[in-house]
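Structure, as structure tokens:
The values are calculated or read from the model by the stated rules, or taken from the named source; none is laboratory data. Only a predicted model underlies this, so the values are computations on that prediction, with no experimental measurement involved. Methodologically, a virtual Cβ is constructed for each residue, glycine included, from the backbone with ideal geometry; neighbour enumeration extends over all protein chains shown. Ligands, DNA and RNA are stripped out before the accessible areas are found, and what is left, the full protein with its side chains, is counted by its heavy atoms. Shrake-Rupley method; radii C 1.70, N 1.55, O 1.52, S 1.80 Å.
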Amino acid sequence: MECSTKFIKFSSSLGVKALQDGQVIAFPTETVYGLGCVYDNYRAFLKLVEIKKRPPNKPFTLMGGKDFDFNKFAYIDDKIQRVISQFVPGPLTLLLKPKANLPYQVSLNSPSIGIRISSNSKLQDFISRVGKPLLVPSANLSSMPPLLKPEEVYNQFKGQIEYIIDDAYIPSKPSTIVDFTNPNQIKLIRLGELSFDEILKVYKGE
């Protein structure tokens, strides 16, 4: 069923309520536009999968607000904590070992979950107002290039999502993705804004 897609600001309570009610909305990060739903609503997850046209066995990134607790969702050692302290919030997605008893849609029984805190302070505040982390992929159809402008998001997803947050930001490369699940060999999955060499130095304590 189609809906009327509207542009709103981060300050609007409409986006917060939509997410709390199990809807999917679009918003800017400090890198590209994202789609999001609350992490603990399975129906919202299925809606996100349908809108994104993404394989249902591929986990979405978990994105938190200002008070996000990594230890609630993943196993963190001292080396990973150094990376978090240095680069988070920021354009970095950390692939980590998930804690047990998370909702199925968070990890999809995968050995890792991606976690990210955007350095977009408006987005951090917004997620904090929602009251729980979000599942967030980039705002594009699966295998297509990420979208950078609200108008592009509207053209691709109009009628499928209620709200697109249109707040001024400067689009850039997607986040760097690093796999920390093997402490003996961390792996670069995708190079984005952050240098993998710099992340590796901090991880090793150099």
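Being in contact (Cβ under 8 Å) with a residue 40 or more places away in the chain and not in a loop (DSSP other than H, G, I, E, B) is the filter here; which residues of the range 20-43 pass it? Break it down stepwise before answering.
First, pick out the residues of the range 20-43 that are in contact (Cβ under 8 Å) with a residue 40 or more places away in the chain: 20, 23-40, 42.
Across the range 20-43, the qualifying residues are Q20, I25, A26, F27, P28, Y33, G34, L35, G36, C37, V38, Y42.
For the range 32-54, indicate whether the set of residues that are open to solvent by 40 Å² or more (accessible area, probe 1.4 Å) and touching an Asp or Glu at 6+ places or on another chain (Cβ under 7 Å) is non-empty.
No, the range 32-54 contains no residue that is open to solvent by 40 Å² or more (accessible area, probe 1.4 Å) and touching an Asp or Glu at 6+ places or on another chain (Cβ under 7 Å).
For residues that are in a helix (DSSP H, G or I), among the β-branched types (V, I, T) and either surrounded by fewer than 16 Cβ atoms within 10 Å (Cβ to Cβ) or more than 17 Å from the chain's Cα centre (by Cα) (or both), tally how many sit in the range 73-98. Before you say what the answer is, go through the steps one by one.
Of all residues in the range 73-98, those in a helix (DSSP H, G or I) come to 73, 78-87.
Still in the running and among the β-branched types (V, I, T): 80, 83-84.
After this cut, where a residue has to be either surrounded by fewer than 16 Cβ atoms within 10 Å (Cβ to Cβ) or more than 17 Å from the chain's Cα centre (by Cα) (or both) as well, the list is 80, 83.
Number satisfying all stated conditions: 2.
When L62 is evaluated against the numbered criteria (1) surrounded by fewer than 20 Cβ atoms within 10 Å (Cβ to Cβ); (2) under 15 Å from the mean Cα position of the chain (by Cα), which criterion, by number, is the only one it fails?
(1)
Anything in the range 109-123 that is of a type outside the set (D, E, K, R) and open to solvent by 20 Å² or more (accessible area, probe 1.4 Å)? List them, or say none.
Within the range 109-123, the subset of a type outside the set (D, E, K, R) is 109-115, 117-121, 123.
Within the range 109-123, N109, S110, P111, S112, S119, N120, S121 qualify.
Which ones in the range 131-150 are under 22 Å from D67 (Cβ atoms) and surrounded by 21 or more Cβ atoms within 10 Å (Cβ to Cβ)?
Within the range 131-150, the subset under 22 Å from D67 (Cβ atoms) is 131-136.
Scanning the range 131-150 gives P133, L134, L135, V136.
Tell me whether the range 144-161 contains one or more residues that are over 23 Å from K17 (Cβ atoms), assigned to a helix (DSSP H, G or I), of a type outside the set (V, I, T) and within 15 Å of the chain's Cα centre (by Cα).
Of all residues in the range 144-161, those over 23 Å from K17 (Cβ atoms) come to 144-149, 151-152, 155-156.
Checking which are assigned to a helix (DSSP H, G or I) leaves us with 151-152, 155-156.
Next, from what is left, pick out any that are of a type outside the set (V, I, T): 151-152, 155-156.
Narrowing the set further to residues that are within 15 Å of the chain's Cα centre (by Cα) leaves none.
No: zero hits.
Go through the range 9-19 and count every residue that is over 19 Å from Q160 (Cβ atoms) and either open to solvent by 90 Å² or more (accessible area, probe 1.4 Å) or of a type in the set (K, R) (or both).
At the first step, the residues of the range 9-19 found to be over 19 Å from Q160 (Cβ atoms) are 9-13, 16.
Filter once more, so that each one left must be either open to solvent by 90 Å² or more (accessible area, probe 1.4 Å) or of a type in the set (K, R) (or both): 9, 11.
Result for the range 9-19: 2.
Every residue, every condition in (1) polar (S, T, N, Q); (2) more than 14 Å from the chain's Cα centre (by Cα), yes or no:
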position	(1), (2)
P111	no, yes
L135	no, no
S175	yes, no
D179	no, yes
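Looking only at the range 99-140, count every residue that is in a loop (DSSP other than H, G, I, E, B), touching a residue at least 60 places away in the same chain (Cβ under 8 Å) and more than 19 Å from Y163 (Cβ to Cβ) and tell me the total.
Count: 4.
Would you mention how many residues in the range 44-70 are part of a loop (DSSP other than H, G, I, E, B) and among the acidic types (D, E)?
Start the filter on the range 44-70 by keeping residues that are part of a loop (DSSP other than H, G, I, E, B), which leaves 53-60, 64-69.
Filter once more, so that each one left must be among the acidic types (D, E): 67, 69.
Adding up the residues that qualify gives 2.
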